[in-house]
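> To start, I am sharing the structure in question, which I have written as structure tokens.
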Amino acid sequence: MKPLIAPSLLSADFLHLGDAVRMIDQSEADWIHCDIMDGVFVPNISFGLPVLHSVSKVAQKPLDVHLMIVQPERYIKAFREAGASYLSVHYEACTHLHRTLQEIRNEGMKAGIVLNPHSPVSLLESILESADFVLLMSVNPGFGGQSFIDQTYNKISDLKEMIVKKDLDVLIEVDGGVGLHNASKLITAGADVLVAGNAVFSANDPLDVIKKLKNS
């Protein structure tokens, strides 16, 4: 089965964000990835609810919203109202992760758990059933254009083994340093969803890059 492709708006030209969304809509991509940063959980600030709401008015494809913020549980309903279809929160940011995932699902969204590069997938042993997808960060969160961390391949394989053993329908998403150079290897390791930012938006032909990622 072909992977799901989720181009990341973090790497788009914010002055022409609507054009970037329309490009993704015209492409073979499946989701539109939106990184929400608060400058506290990560050392950067991206954009928030008003911008996401504007994006949702243009977007025809589901918004995959990745919260890199403290106390994400405070904003679950607000992000649903702003247009999120998939909402992921960091294991490292949630004191009551099970409750937070339940609340995301109760709002009608797919619930995701994000792991930073230093967090082992073994942390998910007792919570995996409560998630619809797991987002593995393959760079340190906060900035686009970083180099891929090779240990991620092993984490993908370990997580896939856990999912299969538990007989769960949980997707594995990978974000950070993803491009044509490593897409096939990520898929072979067990990745289901590829988030690509710089690889798409720095290309001369973003539509072609998305097509090639889709057919990796």
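> Restricted to region 137-146, and to residues that are free of Cβ contacts under 8 Å to residues at least 40 places away in the same chain and not β-branched (Val, Ile, Thr), which residue is surrounded by the fewest Cβ atoms within 10 Å (Cβ to Cβ)?
Checking each candidate, the answer is Asn140.
> I've got another one for you. Against the condition of a type in the set (Val, Ile, Thr), touching a Gly at 6+ places or on another chain (Cβ under 8 Å), at negative phi and at pLDDT 95 or above, how does Ile149 come out, does it pass?
Values: of a type in the set (Val, Ile, Thr): yes; touching a Gly at 6+ places or on another chain (Cβ under 8 Å): yes; at negative phi: yes; at pLDDT 95 or above: no.
Spelling it out, it is not the case that Ile149 is of a type in the set (Val, Ile, Thr), touching a Gly at 6+ places or on another chain (Cβ under 8 Å), at negative phi and at pLDDT 95 or above.
> While we're on this one: Among the residues of region 149-172, are any within 30 Å of Gly39 (Cβ to Cβ) and touching a His at 6+ places or on another chain (Cβ under 6 Å)? First the steps, then the outcome.
Our first condition is that a residue be within 30 Å of Gly39 (Cβ to Cβ); within region 149-172, this holds for 149-152, 155-156, 159, 171-172.
Retained after the next criterion (residues that are touching a His at 6+ places or on another chain (Cβ under 6 Å)): none.
No, every residue in region 149-172 fails to be within 30 Å of Gly39 (Cβ to Cβ) and touching a His at 6+ places or on another chain (Cβ under 6 Å).
Quick grid of which residues meet (1) over 22 Å from Ala199 (Cβ atoms); (2) surrounded by 20 or more Cβ atoms within 10 Å (Cβ to Cβ):
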{"site": "Pro7", "(1), (2)": "no, yes"}
{"site": "Gly18", "(1), (2)": "no, no"}
{"site": "Ile45", "(1), (2)": "yes, no"}
{"site": "Gly48", "(1), (2)": "yes, no"}
{"site": "Val51", "(1), (2)": "yes, no"}
{"site": "Val58", "(1), (2)": "yes, no"}
{"site": "Asp64", "(1), (2)": "no, yes"}
{"site": "Ser85", "(1), (2)": "yes, no"}
{"site": "Tyr91", "(1), (2)": "yes, no"}
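> Starting from region 115-128, take each residue that is on the phi < 0 side of the Ramachandran plot and without any contact (Cβ under 8 Å) to a residue 60 or more places away in the chain and list its partners that are of a type in the set (A, V, I, L, M, F, W, C) and part of a loop (DSSP other than H, G, I, E, B), counting only C-beta distances under 8 angstrom and pairs at least six apart or across chains.
These pairs meet every condition: Pro117/Val139; Pro117/Ile149; Leu124/Ala131; Leu128/Leu168; Leu128/Val170.
> Considering Ile104, Ile36, Ile69, which residue is out of contact with any Gly (no Cβ under 7 Å at 6 or more places or on another chain), buried (at least 22 other Cβ atoms within 10 Å of the Cβ) and in contact (Cβ under 8 Å) with a residue 24 or more places away in the chain?
Ile104
> Still on this structure, I have one more. Which condition from (1) modelled with pLDDT under 95; (2) touching a strand residue (DSSP E or B) at 6+ places or on another chain (Cβ under 9 Å); (3) buried (at least 19 other Cβ atoms within 10 Å of the Cβ); (4) not aliphatic (A, V, I, L, M) is the one that Gly177 breaks?
(2)
> Report, by residue number, each residue of region 165-216 that is more than 20 Å from Ser122 (Cβ to Cβ), touching an Asp or Glu at 6+ places or on another chain (Cβ under 7 Å) and of a type in the set (A, V, I, L, M).
Val193, Val195, Ile210
> Shifting gears a bit: Can you tell which of Asn154, Asn116 is under 13 Å from the mean Cα position of the chain (by Cα), of a type outside the set (Val, Ile, Thr) and surrounded by fewer than 19 Cβ atoms within 10 Å (Cβ to Cβ)?
Result of the check over Asn154, Asn116: Asn116.
> Working only within region 87-106, note down all residues that are in a helix (DSSP H, G or I) and over 17 Å from Pro120 (Cα atoms).
Those that are in a helix (DSSP H, G or I) and over 17 Å from Pro120 (Cα atoms): His98, Arg99, Thr100, Leu101, Gln102, Glu103, Ile104, Arg105, Asn106.
> Pick out the one residue from Ile149, Ile156, Ile76 that is within 19 Å of Gly197 (Cβ to Cβ), touching a residue at least 12 places away in the same chain (Cβ under 8 Å), in a helix (DSSP H, G or I) and among the hydrophobic types (A, V, I, L, M, F, W, C).
Values: Ile149 fails: in a helix (DSSP H, G or I); Ile76 fails: within 19 Å of Gly197 (Cβ to Cβ).
Just one listed residue meets the conditions, Ile156.
The values are calculated or read from the model by the stated rules, or taken from the named source; none is laboratory data. Computed from a predicted structure; not experimentally measured. Here Cβ is always computed from backbone atoms with ideal geometry, including for glycine, and neighbour counts include all displayed protein chains.
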